[in-house]
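First up is the structure itself, then whatever we jot down about it.
The values are calculated or read from the model by the stated rules, or taken from the named source; none is laboratory data. This is a predicted model, so every value here is computed, not measured. Methodologically, a virtual Cβ is constructed for each residue, glycine included, from the backbone with ideal geometry; neighbour enumeration extends over all protein chains shown.
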Amino acid sequence: MTPEQNQTLTLTGPSTSMGALLRRYWLPFLLSDEVAAPDGDPVRVTLLGESLICFRDTEGHLGLIDEFCAHRRVSLWFGRNEEGGLRCPYHGWKYGVDGRALEVPSESPAFCARVRLLAYPCVERGGVVWTYMGPADLQPPLPEYEWAMVPPGQRYVSKRLQQSNWMQALEGAIDGAHVSWLHRGALANEPMRVGSRGARYQNDTKPRMEVMDSPTGLTIGARRAAEAGEDYWRITQFVMPFYNMIPPYGDHALHGHAFVPIDDHHCFVWTFTHHPTRDLSADEHAAMQSGEGIYAELIPGTWRPVANRGNDYLMDRAAQRSGRHYSGIPGIAMQDASLQESCGPIHDRSRETLASTDTGIIMARNRLLRAARNLEKGEAPPALDPMTHHLRSASFLRPSGMPFSDVADEVRRAGAAPGTPHLSI
């Protein structure tokens, strides 16, 4: 990539090409629990480089508005959330969830009617608060990802702060080759993999990567050797603009991520776990809440991981030497984050030396850049239609030599019909 392409791919502020593309999608930005109470505390939100405040008014309606009061631009995080709006404590100016001024005590009603803050619509689905930051007349239907549509007992959702550009995190999720190396210590003992044949097959460190365009983004296949005459396939879905669906293991739950830019140097890594046919067990909940596997233990009261750059991610050289943690970092989530953050806030892709296993990453970059260019020409982005969200990742054995097109078609036909089992070994 050229430095100019790298900049286009990674920068997401209001005046950028990628920022314009991302603003055409519904974006997850808070857990519903973070802003649960009517007249509760307002919450600071930074999203795509914009400083915002989210609050729930007396009637339970959600608002996402400019953080700064229109009067003297003080932060409304200090505001009083009361009687149907958020009141600035400096001079009493009060705003509704739509950003309109409800009261300007020192001025006339006509003056008050002219005051309005930037505001974005909010909806709740799947225990998550979503917003749309694009042109109002182009607002798409609400997303229908399976994890957001199953009953609450069948899902678990969390997020963590990552100190890197969003693309570094997304690329790590698309990269199916690194699992056999970076996560090899976890393959034998990670709770959401234990007892599955798939974990054993991933000891093959030379996967053959195959990638196809799909209506939502990309279907990515990693083929590894299994028993004689069979291949083990792991099918990952990249869904525009920043989602991935992780192939499952046995009857364990399905997982996925969203890599939502906070600003150009930070993102929230959302993690979604759901099972299409049963409630998640108490043991599964305990593992996720304690930061096992693709989750991370968080500093209480924050979204910052306990293992972070400030403490060298709790590097354990003895565990590295023994192979218990191949990189010396405990936990799949922070094994990924530690290396992605080590590249710096924005990775310089013009200095890479790419290999055959990077095909999915290359195609994802091109898909995003192409969508951004096409948007500038007036073409709608892909994956806005909620019907295109009805898909799953998969893992299974198939006869050696089976064409990837047939494998991908099988996964596409299986879809994500409510209550049907997932394809997994």
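I need a count of the residues in segment 44-96 that are of a type in the set (Ser, Thr, Tyr) and either under 21 Å from Gly13 (Cβ atoms) or part of a strand (DSSP E or B) (or both). Explain how you work it out, then say what you get.
Narrowing segment 44-96 to residues of a type in the set (Ser, Thr, Tyr): 46, 51, 58, 75, 90, 95.
Now drop any that are not either under 21 Å from Gly13 (Cβ atoms) or part of a strand (DSSP E or B) (or both), which leaves 46, 51, 75, 95.
The number of residues fulfilling the criteria is 4.
Is it the case that Gly401 is at pLDDT below 95, surrounded by fewer than 18 Cβ atoms within 10 Å (Cβ to Cβ) and part of a loop (DSSP other than H, G, I, E, B)? Show your work before the answer.
On the way: at pLDDT below 95: yes; surrounded by fewer than 18 Cβ atoms within 10 Å (Cβ to Cβ): yes; part of a loop (DSSP other than H, G, I, E, B): yes.
Against the criterion (at pLDDT below 95, surrounded by fewer than 18 Cβ atoms within 10 Å (Cβ to Cβ) and part of a loop (DSSP other than H, G, I, E, B)), Gly401 qualifies.
Restricting to segment 257-286, what's the tally of residues that are in contact with a Phe, Trp or Tyr (Cβ under 8 Å, 6 or more places away or on another chain) and surrounded by fewer than 16 Cβ atoms within 10 Å (Cβ to Cβ)? Give the steps one after another, and end with the answer.
Initial filter on segment 257-286 (in contact with a Phe, Trp or Tyr (Cβ under 8 Å, 6 or more places away or on another chain)): 257-262, 267-274, 280, 284-285.
Of the ones still in play, those that are also surrounded by fewer than 16 Cβ atoms within 10 Å (Cβ to Cβ) are 285.
Total satisfying the criteria: 1.
Residue-by-condition table, conditions (1) assigned by TED's automatic domain parsing to the domain that holds Gly323; (2) within 18 Å of Ser281 (Cα to Cα); (3) buried (at least 18 other Cβ atoms within 10 Å of the Cβ); (4) modelled with pLDDT of 95 or more:
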| position | (1), (2), (3), (4) |
| --- | --- |
| Leu161 | yes, no, yes, yes |
| Gln168 | yes, no, yes, yes |
| His178 | yes, no, no, no |
| Trp181 | yes, no, no, no |
| Ala186 | yes, no, yes, no |
| Pro191 | yes, yes, no, no |
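Taking segment 267-288, which residues are out of contact with any Ser or Thr (no Cβ under 8 Å at 6 or more places or on another chain), over 11 Å from Gln154 (Cα atoms) and in a helix (DSSP H, G or I)?
Ala282, Asp283, Ala286, Ala287, listed by residue number.
Take segment 301-347 and flag every residue that is touching a Gly at 6+ places or on another chain (Cβ under 7 Å) and more than 22 Å from Asn165 (Cβ to Cβ).
Met315, Asp316, Arg317, Ala319, Gln320, Gly323, Arg324, His325, Tyr326 - these are the residues of segment 301-347 that are touching a Gly at 6+ places or on another chain (Cβ under 7 Å) and more than 22 Å from Asn165 (Cβ to Cβ).
Could you name every one of the strands (runs of 3 or more DSSP E) located completely within segment 106-206 that has at least 3 residues being more than 19 Å from Leu22 (Cβ to Cβ) and under 17 Å from the mean Cα position of the chain (by Cα)?
Numbers: elements: 122-125, 128-132, 155-162.
In segment 106-206, the matching strands (runs of 3 or more DSSP E) lie at 155-162.
Contact list please: Cβ distance under 9 Å, first residue in segment 288-302 and more than 14 Å from Ala337 (Cβ to Cβ), second residue surrounded by 12 or more Cβ atoms within 10 Å (Cβ to Cβ) and aromatic (Phe, Trp, Tyr), pairs at least six apart or on different chains.
Cβ pairs passing all conditions: Met288/Tyr156; Met288/Tyr295; Gln289/Tyr156; Gln289/Tyr295.
Going through segment 334-358 one residue at a time, which ones are modelled with pLDDT under 95 and part of a helix (DSSP H, G or I)?
Correct list: Ser356, Thr357, Asp358.
Identify, from the list Leu375, Leu391, the residue that is surrounded by 17 or more Cβ atoms within 10 Å (Cβ to Cβ), touching a residue at least 60 places away in the same chain (Cβ under 8 Å), in the same structural domain as Met209 (by TED's automatic domain parsing) and out of contact with any Gly (no Cβ under 7 Å at 6 or more places or on another chain). Even if it seems obvious, please write down each step before you answer.
Details: Leu391 fails: out of contact with any Gly (no Cβ under 7 Å at 6 or more places or on another chain).
When all the criteria are applied, what remains is Leu375.
Would segment 313-324 turn up any residue that is of a type in the set (Ser, Thr, Tyr) and part of a helix (DSSP H, G or I)?
First, the residues of segment 313-324 that are of a type in the set (Ser, Thr, Tyr): 313, 322.
Checking the rest, the ones that are also part of a helix (DSSP H, G or I) come to 313, 322.
Checked segment 313-324: at least one residue is of a type in the set (Ser, Thr, Tyr) and part of a helix (DSSP H, G or I).
For Gly153, which of the numbered conditions (1) of a type outside the set (D, E, K, R); (2) in contact with an Asp or Glu (Cβ under 6 Å, 6 or more places away or on another chain); (3) buried (at least 24 other Cβ atoms within 10 Å of the Cβ) fails to hold?
(3)
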